[in-house]
Structure formats: structure tokens, C-alpha cells
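Comments concern the structure below.
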């Protein structure tokens, strides 16, 4: 088997350059759009006390060395979320960040261990507002490339069509033939439902493991086909940083945006209850300890800042993924100027 030419070879770079030019146009147009909406661009630092406290996200650790040669561990952030919410506590109201973020163990056609996350927040506004932002940014990206639709591996999506709004319960019923509500909180019930449709389970699986497997295998591939899908109202167990729905606290103000079966964005009505946030983080780290034998520290300043943070909505959009689909690139590495090893 012949090894492919490195990304820095002239031929490889020439093949990728149209996608990279498209990336620049989309970035500049989105930046201008945010400014017209009254947003301030911020630059959150990548080195943080905690990389994030989701059980299955893995950070890169380093050691900070002080003037007296004392050391303490720091991490490259997996998202600018903790720092951005501290800025909301400080008084910022509309902010966005083209953040370089880092996730260990992620590689593939749509994954990279280093990538750009376009993250933004609206203080005092409901999460439906950032849903609408996501739709506009997809339309803007497509307009900058002049293509007919977003595309990934033979699937097409026209963001100019009316998007589909689908709750998680509706999506499981429609695409996986699972009535999710009776399984909430019951590993055995969800395992039986998953096994009935041919999704494997294991004795050590928790509820979230099975939920995620059904979502990835049976639901996600059918979302965003022909039009954008906004998958919303996640079970509370699957929304560690989101506030509960006012009308049904079993579910949370969380949504994900899909195009061509690809997840592009993840957004919340943000949780501002520091006590509840601590409880959720500790539960996530218990899962991480059991699964991987490690846990990450909690960012105590972040938890303190939550008590001063106004109600807000926020969303993280995988900028490189959006560019990939908008330009028709073959893989995410085609839209990264210098792909990581």
C-alpha cells in the first residue's frame, strides 16, 4: 500500500487550497455577522485548571512551572465554556470565540485532536435564540461557497429549507422504534429496548452508554437529510451543563444541530445553579473514574462564577465540520491549514 503524500507536499496542498480558501471566506463572513448582531469577539485562554468535566472527553495535561520552580497541573481546554461563562459573570452580554480546542484520542474523517470551536453566548435570551443563530450560520456558510447544499458522503442538506425540530423522545420513536420515556432511569428497560432493535449492550453499560449507542447507530444517521434537524429536549442525564425544562424537569434545555447525519453544534439554556452543577460534575467524574481510572479537578472559580452569571443561552459549533460540509471537502483534514499528526 502506497502511503499518501504529506499535507505539506505541493500537490496535496494544491488539492486542499480551495477548501482552505472557503474556510477563510466563511470565517470572515461569520465574524462580520456576529459583529452586526452586537457580539464582542473574545479570546479565551487554552490553559485551564480543568479541561472539562464530561466523563468521556479526554484532555491533554501539562505542568505549569512557577518562578520558584513549583509546579501544578494544567490542561488544554476541550471547550472555552468555563472561561466564557466567567466573562458573562463579569458583565459581558453577547460574546463569541473562534477557540482552538484540544481533545485527546479523537481522530477520523470528522474528528481531530486539535480543532476550532466557534462558541457564543447570549445573556438574558432563551436557547431558541442560539438555535436560530445556528441556522443563519449554516445558510451564511453555504452562501460563501456558492454550492447547492451542505454535503457529506452522498448525503445532502439544504439549510435554506425549513428546518426540522425534533425532540429526543420523538426521534427515538421515529428512527429507533424505542419509546424512551418508560426507560428513563432504568438501565434494564433501555437495554431490553436496545437489544430488541439489534443494538448491542454490555453488562457494565450504564444508561448513558446505551442511550449514546442507540443515538449514534440508529438516530443520528437519519437526521439532517434534506434539511437541518435541531434535536432538542434531551434527558436531563445527557445535559450536564443545561438547565431543566420548566414544564418537565426530566428533560433539559439542550439541543444539537445536524446536517447530513453529522452533528454540527451543541447548545444549552445554561445552568446557573452552582450546587446542582457541582453535583452533576462529581457524578460525571465518578463515571470517568470507573471507566478510565482517572478524574479531572473541578474548576472552583467557575463554580463560584455561576452564582454571578445571568441567565443565558450558549452554543458550541464545530467550525471545521461546517466548513467541511459547506465546501464539499472529503475529510476534516482538508480544511485544516496544518493538520495535526
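Going by what's in this entry, would residue 236 be described as touching a residue at least 12 places away in the same chain (Cβ under 8 Å) and within 23 Å of residue 193 (Cα to Cα)? Against the criterion (touching a residue at least 12 places away in the same chain (Cβ under 8 Å) and within 23 Å of residue 193 (Cα to Cα)), residue 236 qualifies.
Just give me the residues in region 70-84 being assigned to a helix (DSSP H, G or I) and either surrounded by fewer than 18 Cβ atoms within 10 Å (Cβ to Cβ) or in contact with a helix residue (DSSP H, G or I) (Cβ under 6 Å, 6 or more places away or on another chain) (or both), in sequence order. Of everything in region 70-84, just one residue is assigned to a helix (DSSP H, G or I) and either surrounded by fewer than 18 Cβ atoms within 10 Å (Cβ to Cβ) or in contact with a helix residue (DSSP H, G or I) (Cβ under 6 Å, 6 or more places away or on another chain) (or both), namely 82. Residues in region 243-260 that are touching a strand residue (DSSP E or B) at 6+ places or on another chain (Cβ under 6 Å) and surrounded by fewer than 20 Cβ atoms within 10 Å (Cβ to Cβ): 244, 245. Only a single item in (1) within 30 Å of residue 165 (Cβ to Cβ); (2) outside any loop (DSSP other than H, G, I, E, B) is not met by residue 249, and it is number (2).
So which of 310, 297 ends up being in contact with a strand residue (DSSP E or B) (Cβ under 7 Å, 6 or more places away or on another chain), farther than 20 Å from residue 232 by Cα and in a loop (DSSP other than H, G, I, E, B)? Write out each step before concluding.
Values: 297 fails: in contact with a strand residue (DSSP E or B) (Cβ under 7 Å, 6 or more places away or on another chain).
Going through 310, 297 in turn, the sole match is 310.
Counting only residues that are under 17 Å from residue 333 (Cβ atoms), assigned to a strand (DSSP E or B) and at pLDDT 95 or above, region 96-116 holds 7 of them.
Just checking, does region 138-147 include any residue being at positive phi and surrounded by fewer than 17 Cβ atoms within 10 Å (Cβ to Cβ)? So that I can check it myself, show each step before the final result.
Of all residues in region 138-147, those at positive phi come to 146.
Those still in the list that are surrounded by fewer than 17 Cβ atoms within 10 Å (Cβ to Cβ) too: 146.
Yes, region 138-147 contains a residue that is at positive phi and surrounded by fewer than 17 Cβ atoms within 10 Å (Cβ to Cβ).
Residues of region 149-166 that are within 30 Å of residue 250 (Cβ to Cβ), in contact with a strand residue (DSSP E or B) (Cβ under 6 Å, 6 or more places away or on another chain) and either surrounded by fewer than 16 Cβ atoms within 10 Å (Cβ to Cβ) or free of Cβ contacts under 8 Å to residues at least 12 places away in the same chain (or both): 165 alone.
For the structure I just gave you, tell me whether residue 57 is part of a loop (DSSP other than H, G, I, E, B), free of Cβ contacts under 8 Å to residues at least 60 places away in the same chain and surrounded by fewer than 21 Cβ atoms within 10 Å (Cβ to Cβ). Steps first, please.
Numbers: part of a loop (DSSP other than H, G, I, E, B): yes; free of Cβ contacts under 8 Å to residues at least 60 places away in the same chain: yes; surrounded by fewer than 21 Cβ atoms within 10 Å (Cβ to Cβ): yes.
In short, yes.
The values are calculated or read from the model by the stated rules, or taken from the named source; none is laboratory data. Just so you know, these numbers come straight off a predicted model, no measurement behind them. Cβ atoms come from the backbone with ideal geometry, glycine included; neighbour counts cover every protein chain shown.
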